[in-house]
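Q: Below you will find the structure I want to go over with you.
Read-outs throughout are calculated quantities, based only on the coordinates presented, and are distinct from any laboratory measurement. Remember, it's a predicted structure, so these values are computed and weren't measured experimentally.
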Amino acid sequence: MFTPPWMNPKKKSRVFIIDTSAILSGKPINLDNAIMITTSSVSDELKPGGRDYQALQFLMEKGLAINSPSKGSIDKIKTISNETGDLGRLSEADMSVLALALDINADDDKEAVILTDDYSIQNVAHVLNIKFESISQRGITKRFIWSRRCLGCGKNFKENLKTCPICGSATKGIVSNRGNIRKRGRDDR
């Protein structure tokens with residue numbers, strides 16, 4: 001019997017993107033027979049010879065691949081993380097992980113899942129509808145939009161300014177907007 005394609009959607013293959021925090025957690029990452037990738041920026045953060053570097057090497061022996069994200073996706077991550085106020089909180093490696101997830105999700109047959117304990121990565125991933133799973137931490141339950149407040153005059157800024165352009169005082173990061181999120185992860189298929 002013929003089943004129309006829209007009645008039997010093809011299941012996407014899941015691609016797990018390993019972030020530095022997942023490796024640094026020291027927890028075993030058991031993804032047998034799964035597609036695992038990371039970026040060169042993540043592998044560059046781990047110094048040869050240490051326990052964390054050995055964990056990376058072990059994952060590579062288990063099939064962890066190293067890929068690079070597109071420049072277009074990196075630019076999009078910078079734009080979105082600037083809007084959420086996470087730009088100053090994300091390292092180059094963090095942005096590369098998020099950008100790689102965007103590239104993977106552009107393929108209709110694949111779905112990226114970022115393995116990370118980094119709350120800023122999780123925050124930006126949530127905004128971009130990218131799935132993520134925590135390794136050691138609970139994971140975020142709220143979506144944050146960050147801004148800066150001047151400690152002198154009290155003016156709020158969306159930009160990540162360290163010094164107030166009005167009075168010259170230092171600024172501090174504040175949450176200007178928050179909202180509840182629904183957990184996304186391996187069980188959310």
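Q: Beyond a 29 Å Cα-Cα separation, which of these cross-linked pairs lie in this structure: Lys27/Lys71; Lys47/Lys162; Lys11/Lys62?
A: Lys27/Lys71; Lys47/Lys162, as the Cα separations exceed 29 Å there.
Q: For the range 32-132, what is the relative contact order in percent, using Cα pairs closer than 8 Å and at least 6 residues apart in sequence?
A: Relative contact order for the range 32-132 comes out at 26 percent.
Q: Sticking with this structure for a sec: Extent of the range 23-121 along each principal axis, from alpha carbon coordinates, in Å, largest to smallest?
A: For the range 23-121, the Cα extents along the three principal axes come out at 36, 32, 20 Å.
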